[in-house]
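The values are calculated or read from the model by the stated rules, or taken from the named source; none is laboratory data. Here the structure is a predicted model, which is why all the values come from computation and not from measurement. Here the Cβ is made from the backbone with ideal geometry for all residues, glycine too, and neighbour counts use every protein chain on show. Heads up: the accessible areas ignore ligands, DNA and RNA and are worked out on the full protein's heavy atoms, side chains in. Shrake-Rupley method; radii C 1.70, N 1.55, O 1.52, S 1.80 Å.
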Amino acid sequence: MVDTPAKILKENVWYSNPVFIQILGICSTLAVTNNLMNTVIMTVGLMFVTGFTNVTVSLLKTLIPRKVRMIVQTLIIAFYVIIVDILLRAYLPDVSKALGPYVGLIITNCIIMGRAEAFAQSNGPLLSFWDGITSGLGYMWVLMIIAFIRELLGFGTLFGFPVLPAGMTHWTIMVMAPSAFFLLGTFIWVAKSIMLKAEGGK
Amino acid sequence: MVPDINPFVLFFASIFTSNILLANFLGMCSFISISKDMKSANGLGLAVTVVLALTSMLNWVVLKYVLVPLNLLYLRYIIFIIVIAATVQVLEMVIDRVSPALYMALGIFLPLITVNCAILGVALFMQIRNYNFIQTVLFATGSGLGWWLAILALAAIQKKLLKAPVPAGLKGPGITLITIGFMAMAFIGFSGMLSVQ
């Protein structure tokens with residue numbers, strides 16, 4: 001079975017999307033989706049970490065003893081997360097403050113570990129990098145849609161710019177935790193229904 | 001520097017008003033996959049609570065007496081993760097020796113806990129908010145109990161859901177997330193009681 005870059009892209013962005021099919025990595029990031037800017041930064045950080053972790057794991061795969069590979073992978077991930085954290089604090093201190101502990105929590109984001117384990121362990125560095133980036137992309141667009149809805153209805157803004165007329169009442173619930181669960185649940189429903197329909201049509 | 005919060009208020013707040021799972025979204029991964037039956041939900045809840053209480057104490061000591069004096073704060077992610085992984089490993093061995101019955105019940109959940117975001121999350125919250133030792137212990141224990149409460153409640157709801165007619169596309173994780181959403185709304189009801197942070 002040979003994976004072509006195009007196929008990996010399609011798999012990671014839609015058919016086995018990390019968020020709505022594999023339900024991975026939603027822990028750390030539902031919390032940041034009430035603001036588009038934070039979501040973009042967070043997902044770009046995740047993309048960076050996933051991509052480079054995959055490359056590193058793929059390059060080192062013959063050197064890492066199987067028994068300790070989990071902890072080695074975790075350390076590799078932690079290494080890249082520290083880089084992201086330091087970069088954020090240096091160039092975007094406000095965003096870094098707003099994200100708080102959630103940057104560090106990229107470490108325990110199951111997507112990264114999952115991709116390192118499932119893909120990078122058995123593929124070359126370049127393909128692994130591509131796989132990491134596309135997984136990040138699959139993660140990004142779902143979160144962007146959720147963040148778009150939450151910020152628009154919750155604050156009436158997009159990326160901080162007021163979009164809705166000032167008289168509109170803000171939906172406070174959209175800023176709070178439950179809405180993230182509802183929106184992600186609904187998103188999964190829509191995506192699954194589309195997939196079921198496509199399968200039925202064949 | 002240390003916030004002026006009564007540790008016991010913090011304890012109750014971390015169970016109800018700022019539940020680690022329902023308000024801070026931490027520990028979702030294992031939460032969704034394990035919440036199918038009461039027994040394993042209970043086991044995992046207990047394991048998370050114990051590990052949280054233990055690791056937060058260790059991490060606090062490491063943070064206060066090693067990382068801060070040596071000015072190595074930027075290494076905290078790696079150090080916290082190592083402390084957590086090591087604690088889980090040691091705990092697993094100790095439980096195996098001391099009580100095989102408990103090991104049978106908890107053993108399979110312990111490795112899962114290393115990658116549970118709630119554990120690392122609590123360690124990071126404790127660092128960012130500058131809690132002192134007592135506050136940290138009660139905050140961590142409360143968070144664990146809150147997580148336990150939430151997973152038990154969800155497992156109980158899931159049991160009833162089995163008999164409910166759910167649309168095909170919504171089956172599985174979809175309906176689980178919406179259920180969690182309702183639970184989170186119910187927990188917001190507690191927020192008038194205490195306000196911390």
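Structure data summary
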read-out	value
Residue-averaged beta-carbon neighbours from other chains (10 angstrom radius) around B:161-170	3
Charge-dipole axis of region A:5-200 as Lys and Arg at +1 and Asp and Glu at -1 on Cβ define it, positive-most pick from A:PHE20, A:PHE79, A:VAL103	A:PHE79
Size of charge dipole - chain B - debye, nearest 20, with Cβ of Lys, Arg +1 and Asp, Glu -1, no other charges	400 debye
Per residue accessible area of region A:5-200, 1.4 Å probe, in Å²	44 Å²
CD proxy at 222 nm, helix term only [per DSSP H run n ≥ 4: -39500 (n - 2.57); per residue of chain A; nearest 500]	-21500 deg cm²/dmol
Relative contact order [Cα under 8 Å, 6+ residues apart], region B:1-132, whole percent	38 percent
Reachable lysines from A:LYS197, criterion Cα separation under 19 angstrom, eight or more residues apart if same chain	A:LYS10, B:LYS171
Carbon and sulfur %, accessible surface of chain B computed with the full protein complex present, 1.4 Å	72 percent
Aspartates and glutamates whose Cα lies under 14 Å from that of A:LYS97, excluding same-chain neighbours fewer than 8 positions away	A:ASP85
Charge dipole magnitude, Cβ of K and R +1, D and E -1 - chain A, Cα centre, debye nearest 20	380 debye
Computed label-point distance, nm, for sites A:LYS7 and A:VAL175 using a 7 Å Cα→Cβ extension	4.8 nm
Modelled FRET efficiency - R0 51 Å, B:VAL98 with A:LEU196, Cβ distances, 0.05 increments	0.55
Prolate/oblate/rounded call for the protein assembly as shown, Cα gyration tensor, a/c under 1.5 rounded	rounded
Distance from region A:63-104 to region B:117-136 (C-alpha centre basis), Å	18 Å
Two-decimal ratio, chain A, of alpha-carbon radius of gyration to 2.2 N^0.38 Å	1.09
Surrounding net charge for B:TYR131, when Lys and Arg each add one and Asp and Glu each subtract one, Cβ distance under 13 Å	+1
Those residues of region A:15-62 for which accessible area with every protein chain present is at least 50 Å² below the isolated value (1.4 Å probe)	A:ILE23, A:CYS27
Farthest toward positive dipole pole in chain B [+1 Lys/Arg, -1 Asp/Glu at C-beta], among B:THR141, B:ILE20, B:MET57	B:ILE20
Fraction of accessible area attributable to carbon and sulfur, chain A (%, probe 1.4 Å)	73 percent
Test item: Cα-centred dipole of the protein assembly as shown, Lys/Arg +1 and Asp/Glu -1 on Cβ, debye	620 debye
Listed residue (A:LEU9, A:GLY200, B:PHE109) projecting farthest to the positive dipole end of the protein assembly as shown, Cβ model	A:GLY200
Accessible area buried, both sides summed, chains A and B with 1.4 Å probe, Å²	3200 Å²
Viscosity 0.692 mPa s, temperature 37 °C, Stokes-Einstein D of chain B from Kirkwood C-alpha radius, µm²/s	187 µm²/s
Computed helical MRE - 222 nm, chain B, DSSP H runs ≥ 4 contributing -39500 (n - 2.57), nearest 500	-22000 deg cm²/dmol
